[in-house]
Amino acid sequence: MATIITPSEVPEYVPGAVTASSDDLGWNGVWLRGYRYSALDVIVPPVRDFTIVSYCRGTTFMERQCEGAWAKTHCAPGDVSLLTRSQRSHWHWTEEIEVSHVYLSENLVSGICAEVTDRCIADVRLQDVLKSYDPIVTAAVAGITREAQQQALGGTLYAEAVAMQLTVHLLRKYASVTFREPSSKGRLSPAQVHRLTEYIDNRLQEQLNLETLAAVAGMGVWTFTRHFRASFGRTPHAYIIERRIDRARRLLVQSCLPIKEVASVCGFADQAHMTRVFQTHLHTTPAQLRA
C-alpha cells in the first residue's frame, strides 16, 4: 500500500515557490497553501486530505492520471481541480502557473456529511475532476487564501466557516457517500453506544467535549446530541457527570487515595468542584461519604 502523505509533504513531490500558507494559524480541518509552479511532470503519493486546486494565474495544457486513462484539458484562472483523499495521482503541465491548494480533513468532511444527511458515514469520495468552472469553489478558495495572507480579525473563524460552506457545496455536487448500516431511527447503534461508553470511561480524567464525542460516534454534533439523548435518556454532559460521580464514590469507599487526588483522577476541576457536585446530586460531601 502506498504511503499516505500530509499536505505539508506535497512540496517534496511537487516543488514550487510558496505564495500563501495557513501554517501555524491553528485552523481546524482546513489547510491552505499557494504555489507558483514551473512546467512539471510529477507523481504524487496519496494525500491524507481532500484536495481542491484553484488556478489563479497562467494558462496551461494539463494532464492527470489517477485511475485508468489520462485526462487532458487546458486550465486557466477560474478553473478548479478536485482530488479525493488517499488517491495517488500523476500530473503533467507545460506552462508556469500559480495555484491555491485547499485541503479538507476527512473528519471535517465526514462530520458535515453526517450532519446534513442525519446518517452515519462509512466513506466520502470526491469525483475525479481535472477541470471544472465553478465560481462557488473559486470564491471559497480565494476567501480562504486571503485569510491566510492577511490574518485579519476573526480569520480562523472566517476560514473555518468558509471551509464548511465549501464542504457542503462539494458534497452536493461532486461527492459520493457510502453510509453505514442505519440504526434505529433517532438512536445510536449498539456499536456506537459501546464505543462511546468505553471512550468516556477511559478518559473521565480529561476534559471531554461534544466535538470529540461526536467524532467517536461518526456523526455531526447536533445529530449526535439528539441521538445520544434518545439512547441514554440524558445529555452527554449529564451522563459524564454521572460516570464521574460513580467512579469517585467507588474510589472514596474502596481506596485510600486523598480526596483531592480522587477529584483529579475522576475529571473534576478540583476538590471543591467535586464537593459541589456531590452536594447537588447525592446531598452529601466526599468527606462525609468516606467517613
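The values are calculated or read from the model by the stated rules, or taken from the named source; none is laboratory data. This one's a predicted model, so the numbers in the text were calculated from it and none came from an experiment. We place every Cβ from the backbone using ideal geometry, glycine too, and count neighbours over all the protein chains shown. The accessibility values were calculated without ligands, DNA or RNA, using every heavy atom of the protein model including side chains. Shrake-Rupley method; radii C 1.70, N 1.55, O 1.52, S 1.80 Å.
Some notes on this structure:
- Positive contributions from Lys and Arg (+1) and negative ones from Asp and Glu (-1), summed over other residues with Cβ under 10 Å from the Cβ of residue 87, come out at +1.
- Averaging 1/r across all pairs of distinct Cα atoms in segment 87-181 and inverting the result yields a Kirkwood radius of 15.0 Å.
- Mean residue ellipticity, 222 nm, helices only, the chain: the sum of -39500 (n - 2.57) across DSSP H runs of n ≥ 4, divided by residue count and rounded to 500, is -13000 deg cm²/dmol.
- Accessible surface, segment 203-283, averaged per residue in Å² (probe 1.4 Å): 55
- Measuring nothing but how far apart in sequence close Cα pairs (under 8 Å, 6+ apart) lie, relative to its length, the chain scores a relative contact order of 15 percent.
- In order along segment 230-237, phi translates into HN-Hα couplings of 5, 8, 9, x, 7, 6, x, 4 Hz, rounded to whole numbers, per the Karplus curve 6.51 cos²θ - 1.76 cosθ + 1.60 with θ = phi - 60° and x for Gly and Pro.
- Within the accessible area of the chain (1.4 Å probe), percent carbon and sulfur: 51
- Mean-position separation - Cα centroids, segment 224-282 and segment 1-42, in angstrom: 44
- Each Lys and Arg contributes +1 and each Asp and Glu -1, all at the Cβ; summed about the Cα centre of the chain, the dipole is approximately 1360 debye.
- Value of relative contact order over segment 218-291, rounded to a whole percent, pairs C-alpha under 8 Å and six or more apart: 21
- Helix 271-281 axis versus longest C-alpha principal axis of the chain: approximately 70°, rounded to the nearest ten.
- When you filter the trypsin sites (Lys or Arg not before Pro) in segment 125-193 for DSSP loop state and at most 14 other Cβ atoms inside 10 Å of their Cβ, you are left with 185.
- Length gained when the stretch residue 42-residue 86 is fully extended (0.36 nm per residue, less Cα-Cα span): 14.2 nm
- Multiplying each eigenvalue of the alpha-carbon gyration tensor of the chain by 5 and taking the square root yields semi-axes of 48, 20, 16 Å, largest first, rounded to whole angstroms.
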